Amino acid sequence: MKNKYELIYEGKAKKVFSHEDLEKVIIEFKDDATAFNALKKAKFEGKGKLNCLISAKIFEFLKKNNIPTHFLELKNENTMIAKKIKVIPLEIVLRNIAYGSLCKQTTIKPGTKLTKPLIDIYLKNDELNDPLITKDRIKLMNILESKDLDIIIDLTLKINGILQSFFKNIQLQLVDFKLEFGYDLKNNILLGDEISPDNCRLWDLNQKNDIIVSLDKDRFRNDLGGLIEAYSEINRRINDFFKLTK
């Protein structure tokens, strides 16, 4: 990245830089992998590039399906140009199948298909370990207005329907995923961050006998190995899908 671009923010997996156009930013995807609120860390060469390419394709698909996103275009294979947004400090997690923290915090067994999607909302705050938060607490903390939270929940449900169908077409089960939203300079709510195997739990539907094969960050979380191979496989399937649908 050239020095003329100012580093605005650096997170666990991305760096955000200024752009000549004040309404845009440049987002560079890093090769870092983190889990358990960054207690576990590693680097995987090529991970940033894969997440950037996967996210770009999915954002394009969502935009075609009338979902407002911050994505504008790829700058190169591990960098994208996006609309500048003021990030809302909430992580919206939608679950189609019970797994991970839901099963640790409840009596629901892993792999249980939920009768309807469950939306969990977490406060985006590393110091507090991203706690689960209620609508009343969101209102109490004055994070955003109720009508805007309703818009975000509605968008999340729509995105789930689009992504479930999309991933099923490439033989992947969308178990759950995390979204972040923000306000653009005109105060519109846009989907931000990324859509990749880093924040989607994806199971391979090509397996027999209901064996769970994760093609997502669980390969790192659970020391399964083959993270780059899994991400590369998702990227390949997405590219093949778009070639067939052109």
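The values are calculated or read from the model by the stated rules, or taken from the named source; none is laboratory data. Here the structure is a predicted model, which is why all the values come from computation and not from measurement. Methodologically, a virtual Cβ is constructed for each residue, glycine included, from the backbone with ideal geometry; neighbour enumeration extends over all protein chains shown.
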Which number in (1) within 20 Å of Cys200 (Cβ to Cβ); (2) touching a strand residue (DSSP E or B) at 6+ places or on another chain (Cβ under 7 Å); (3) not assigned by TED's automatic domain parsing to the domain that holds Ser165 marks the one condition that Ile26 misses? (1)
Subset tally (residues that are in the same structural domain as Asp120 (by TED's automatic domain parsing) and free of Cβ contacts under 8 Å to residues at least 12 places away in the same chain) for segment 60-101: 1
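Matching residues to (1) modelled with pLDDT under 95; (2) crowded, with 23+ Cβ neighbours inside 10 Å; (3) outside any strand (DSSP E or B); (4) not assigned by TED's automatic domain parsing to the domain that holds Cys103:
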| position | (1), (2), (3), (4) |
| --- | --- |
| Asp176 | no, yes, no, no |
| Asn187 | no, no, yes, no |
| Asp193 | no, yes, yes, no |
| Ser196 | no, yes, yes, no |
| Leu202 | no, yes, no, no |
| Gln207 | yes, no, yes, no |
| Ile211 | yes, no, yes, no |
| Asp216 | no, yes, yes, no |
In segment 23-84, which strands (runs of 3 or more DSSP E) lie fully inside it and hold 2 or more residues that are closer than 20 Å to Leu215 by Cβ? 32-35, 40-43
In segment 12-26, anything surrounded by 15 or more Cβ atoms within 10 Å (Cβ to Cβ) and under 18 Å from Thr69 (Cβ atoms) is listed as Ala13, Lys14, Val16, His19, Lys24, Val25, Ile26
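Scan segment 124-157 for residues that are among the β-branched types (Val, Ile, Thr), in a helix (DSSP H, G or I) and more than 18 Å from Thr69 (Cβ to Cβ) and report the count.
Counting residues in segment 124-157 that are among the β-branched types (Val, Ile, Thr), in a helix (DSSP H, G or I) and more than 18 Å from Thr69 (Cβ to Cβ) gives 1.
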Just to be sure, is Glu60 among the acidic types (Asp, Glu) and farther than 19 Å from Cys200 by Cβ? no
Among the residues of segment 95-132, what is the count of those that are loosely packed, with under 14 Cβ neighbours inside 10 Å and touching a helix residue (DSSP H, G or I) at 6+ places or on another chain (Cβ under 7 Å)? 2
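Of all residues in segment 85-118, count the ones that are within 19 Å of Asn188 (Cβ to Cβ) and either in contact with a Ser or Thr (Cβ under 7 Å, 6 or more places away or on another chain) or not in a strand (DSSP E or B) (or both).
First, the residues of segment 85-118 that are within 19 Å of Asn188 (Cβ to Cβ): 85-90, 92.
Subset that is either in contact with a Ser or Thr (Cβ under 7 Å, 6 or more places away or on another chain) or not in a strand (DSSP E or B) (or both): 85, 88-89, 92.
Here the count works out to 4.
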Condition set within 16 Å of the chain's Cα centre (by Cα) and small (Gly, Ala, Ser), scope segment 27-51, selection surrounded by the most Cβ atoms within 10 Å (Cβ to Cβ): answer is Gly48
Quick check: is even one residue across segment 154-174 touching a Phe, Trp or Tyr at 6+ places or on another chain (Cβ under 6 Å), crowded, with 22+ Cβ neighbours inside 10 Å and among the β-branched types (Val, Ile, Thr)? no
